[in-house]
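Reviewing the structure listed below.
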Amino acid sequence: QLNANLLTSKIEMLNKQIQELKEGNEIASQQIRALEDDKKECSKVRKEYDMANERITVLEKENEIIDTLQEHIQDLKAKLAAKETECASAVKNLAGSQRS
């Protein structure tokens, strides 16, 4: 009788431990699923981050081109102003020589 009670007690204890392990396993499984979802989200965010960095690189190159074009425009404006001055001087000289 004592052995039977002891065995019954051990079986109940083992069943309780099995139940606790099952519950722990279920919690671990839920955490794994949550981590897998987080991993997918991180992957998505990483792709967006990489695309944003590529766009930044393109915009930086476009800004460099704009800066170069603005410098070229300034050079052309300076050359145009010099030519306008040269033409105005030539017109004055021409007008002066026609009066003579």
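By how many degrees, 0 to 90 and rounded to 10, does the Cα axis of helix 2-99 deviate from the longest principal axis of the chain?
0 degrees
Which of the GluC sites (Glu not before Pro) found in segment 42-100 are loop residues per DSSP with 11 or fewer other Cβ atoms within 10 Å of their Cβ? Walk me through the intermediate numbers first.
On the way: sites: GLU48, GLU54, GLU60, GLU62, GLU64, GLU71, GLU84, GLU86; in loops: none.
For GluC sites (Glu not before Pro) across segment 42-100 that sit outside H, G, I, E and B with at most 11 neighbouring Cβ atoms in 10 Å, the list is empty.
Under a Cβ-Cβ cut-off of 14 Å, what is the net charge of the residues other than ILE27 that fall near it, where Lys and Arg count +1 and Asp and Glu count -1?
For residues surrounding ILE27, the net value is -1.
Would you work out the charge dipole size for the chain about its Cα centre, treating the Cβ of every Lys and Arg as +1 and the Cβ of every Asp and Glu as -1, and quote it to the nearest 20 debye?
Its charge dipole is roughly 320 debye.
So what is the 222 nm mean residue ellipticity for the chain from helices alone, if each DSSP H run of at least 4 adds -39500 (n - 2.57) and you divide by all residues, rounding to the nearest 500 deg cm²/dmol?
It comes out at -37500 deg cm²/dmol, rounded to the nearest 500.
Taking the Cα centre of each part, how many Å lie between segment 69-100 and segment 1-66?
75 Å
Given (i) 11, 18, 14, 14, 15, 18, 9, 1; (ii) 12, 13, 11, 10, 10, 9, 8, 7, 6, 5, 4, 3, 2, 1, 0; (iii) 13, 32, 23, 19, 12, 2, 0, which label gives P(r) over Cα pairs in 10 Å bins from 0, in percent as computed from the coordinates?
(ii)
Considering only lysines 8 or more places apart in sequence, or on different chains, count the pairs in the chain whose C-alpha atoms sit under 23 Å apart.
6
Since every read-out is calculated from the coordinates, none of them should be taken as a lab result. These numbers were taken from a predicted model, which means no experiment stands behind them. Cβ atoms come from the backbone with ideal geometry, glycine included; neighbour counts cover every protein chain shown.
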